[in-house]
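Enquirer: If you scroll down you'll find the structure; I have some questions about it.
The values are calculated or read from the model by the stated rules, or taken from the named source; none is laboratory data. Model, not experiment: these values are computed from the prediction. Note that we place each Cβ from the backbone using ideal geometry, even for glycine, and neighbour counts take in every protein chain shown. Protein only, heavy atoms only, side chains kept; ligands, DNA and RNA dropped before computing areas. Shrake-Rupley method; radii C 1.70, N 1.55, O 1.52, S 1.80 Å.
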Amino acid sequence: MPQVTEKPKNRIAVRVLIGLGTFLTVIAIFSIWAERQALNTDEWGNTSAKLLKDKNVQVALSTYLTNELFNNVDVQAQIAAQLPPRAAPLAGPITGALRQTATTAAEHALAVPQVQEAWKAANLAAHRELLDVINDKGQFTSTGGGDVVLELKPLVAQLTSQLGISADVADKLPPDIASLTILHSDSIQTAQTVAKLIKGLAVVLTILALACFALAIYLSDRRPGTIVWCGLGLIFAGIVVFALRHVAGKAVVDALVVNDSATPAGNSVWSIGTSLMTSIATTVIVYGVLFVIAGWLASATASARWARKQLAPVLRDHAALVYGLLVAAALIYFAFAPTHGLRAVLTLLILAGLAAVGINGLRKQTAAEFPA
C-alpha cells in the first residue's frame with residue numbers, strides 16, 4: 001500500500017485530514033439521507049408507494065384496517081339487521097368469519113392500483129402538512145395546537161364497501177378512524193429545530209469532507225498515494241454506513257414493534273425507508289473506487305507505468321475522445337443517481353471538474369514518459 005507522504009511536518013496533518021474527511025463523510029451520508037427522506041415530499045411519496053407494494057406491509061396494514069373497522073362499527077348488528085328474525089342468532093358466528101375474510105379482502109385491496117394511489121395521496125397530504133408545520137406556514141405553529149396525522153379513513157371506507165356493508169355506515173365512520181399520528185403538537189418546536197439542523201448539516205458536512213480530502217492531497221508531496229488513501233477513506237465510509245444501517249435497523253425495529261407478528265413489516269419499512277441511504281453510500285463507494293484507480297494510475301509503480309504505456313496513444317493523441325468519455329460517464333451516472341436536485345448537479349460538476357484536472361495531469365505525465 002502506498003505511503004501517504006514522507007515529509008515529516010505534513011505526514012500527521014495529511015493522515016488527520018484523511019481520517020477527519022472519512023468521519024465527516026459518514027455523518028454527511030446520514031444527513032443527506034435524513035434531509036431527502038424526511039423533508040422532500042416527492043421522496044416521501046415514492047417511499048410510501050414502495051411500502052404499500054411490499055407484501056409484509058400489506059399484511060400488517062390490512063390487519064390494522066380490519067381492526068379499526070370492527071372496533072368502530074357494530075358489524076354484528078349490521079349483519080343481524082339483514083338476516084331474517086329466525087336467523088339473527090347466526091350474526092355472531094358470521095361476524096367472526098367475516099373478520100377473517102375482511103383481513104384477506106383488505107390485503108387484496110391494498111394491491112389494487114387505485115387503493116395504492118389513495119394511500120400515496122394520503123401520505124403526500126400528511127407530508128405537506130408536516131412541512132407546513134416545520135416551516136411555520138400552516139394552520140399550526142410552534143406555539144399552536146394540533147397533531148399532524150396520516151388519514152387512512154378512505155381505505156377503511158373502501159374496505160366496508162368490499163364487505164357489502166351499507167354505504168350509510170361508511171359515511172358515518174368516526175372522523176378519527178385509522179388516523180396515524182406523525183407529529184404531536186408538543187413536539188413541533190423540536191421538529192422545527194431538527195429540520196433546520198439537518199438542512200444545514202447536509203450541506204456543510206459535504207463541503208467539509210471534500211475540503212479535508214482536497215487539503216490532504218494538496219499538502220502531500222506523494223499525491224498519487226494520498227489520492228489512493230482518500231479513495232480508501234470514501235470506501236470505508238460507505239461500508240461503515242452499511243454496517244450502522246444494519247445495526248440500527250435491528251435496534252429500531254425491536255424498539256418500535258410490540259407484536260412479533262409485525263416484525264416482518266417493521267423490517268420491510270426500515271429496509272425501504274433507508275434504501276436511499278444505501279444508494280448514497282453506494283455512490284460514495286463508487287467515488288472511492290475511482291479515486292483509488294486514479295491514484296494508482298498516476299503512481300510510480302510498475303503496474304501503473306505499464307497501464308500508462310498501454311493508454312498512451314489514446315491519452316496523448318485523442319484528447320477529444322478522452323474528455324468526451326468523461327462527459328458521457330458523468331451523464332450516465334446522473335441518469336441513475338439517487339437524487340437529481342441542485343446539490344446533486346453541483347456535486348457532479350465539482351467531481352467532473354476534478355476528474356478533468358486529473359486527466360489533464362495524467363495526459364501530460366503520459367506524454368512525457370511515452371512521447372510519440
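Enquirer: Can you tell me which residue among Ala209, Ala191, Ala251, Ala202 is assigned to a helix (DSSP H, G or I) and at pLDDT 90 or above?
Expert: Ala209
Enquirer: Something else: Quick one: in region 254-274, of everything that is assigned to a helix (DSSP H, G or I) and of a type in the set (A, V, I, L, M), which residue is surrounded by the fewest Cβ atoms within 10 Å (Cβ to Cβ)?
Expert: Out of the qualifying residues, it is Ala255.
Enquirer: Quick check, is Leu83 at pLDDT 65 or above and either open to solvent by less than 30 Å² (accessible area, probe 1.4 Å) or over 20 Å from Gly266 (Cβ atoms) (or both)?
Expert: no
Enquirer: Here's a follow-up. Can you give me the number of residues within region 216-232 that are over 30 Å from the mean Cα position of the chain (by Cα) and open to solvent by 80 Å² or more (accessible area, probe 1.4 Å)?
Expert: Of the residues in region 216-232, 4 are over 30 Å from the mean Cα position of the chain (by Cα) and open to solvent by 80 Å² or more (accessible area, probe 1.4 Å).
Enquirer: Return only the number of the condition from (1) without any contact (Cβ under 8 Å) to a residue 60 or more places away in the chain; (2) open to solvent by less than 60 Å² (accessible area, probe 1.4 Å); (3) within 18 Å of the chain's Cα centre (by Cα) that Ile235 does not satisfy.
Expert: So Ile235 meets the others, but not (3).
Enquirer: Please note which helices (runs of 4 or more DSSP H) are completely contained in region 275-372 and include at least 2 residues that are open to solvent by 80 Å² or more (accessible area, probe 1.4 Å) and free of Cβ contacts under 8 Å to residues at least 12 places away in the same chain.
Expert: Counting at least 2 such residues, we get 302-317, 319-336, 342-369.
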